[in-house]
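Coordinate-derived values only; no laboratory data. As the structure is a prediction and not an experimental result, all values here were calculated from the model. When we count neighbours, we look across all protein chains shown, and the Cβ atoms used for this are built from the backbone with ideal geometry, even at glycine.
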């Protein structure tokens, strides 16, 4: 019988807002926004081609059209989300703490330990990529 096991754990990544962070994150978001806009234009073009072709392809064209419309809607939402995130980041105050997201990690749990304390919410505070604390 095992005395310990490794389990998945979500780790919240928080960062102290610096000008370097704002600049780098804005650049990342701009790149992602540009990519989403390019994908959206490609999808619109493909969708237009299918619509212009008319009913020649029958059921296959309708299926492809539906898939393209679904993907187009996703890309449009991504564009909106990236633009909102860029606006949010621009408004951040220097020195404030910003939650960047979560990453999945693992933790070893052993017999006799409190499971909820071990796999509960853990966070890492960073500043310009350097870990300041782990809670």
Exercise. When the chain is modelled as a GNM with alpha-carbon springs shorter than 10 Å, which of 26, 66, 90 fluctuates the most?
Worked result: 66
For this session: Sort the following peptides by mean Cβ neighbour count (other Cβ atoms within 10 Å, averaged over residues), highest first: 126-133, 40-47.
Result: 40-47, 126-133
Exercise. Which label marks the calculated value of Cα extents along the principal axes in Å, given the options (1) 48, 28, 23; (2) 67, 49, 16; (3) 56, 36, 25?
Worked result: (2)
Seminar exercise, completed: Relative to the chain, whose Cα atoms define the longest principal axis, helix 59-90 and its Cα axis are tilted in degrees, nearest 10, by 50
Exercise. How many times 2.2 N^0.38 Å is the alpha carbon radius of gyration of the stretch 33-90?
Worked result: 1.38
Problem set entry | Scattering profile of the stretch 1-68 at q = 0.14, 0.24, 0.27 Å⁻¹ [log10 I(q)/I(0), Debye over alpha-carbon scatterers] | -0.70, -1.03, -1.11
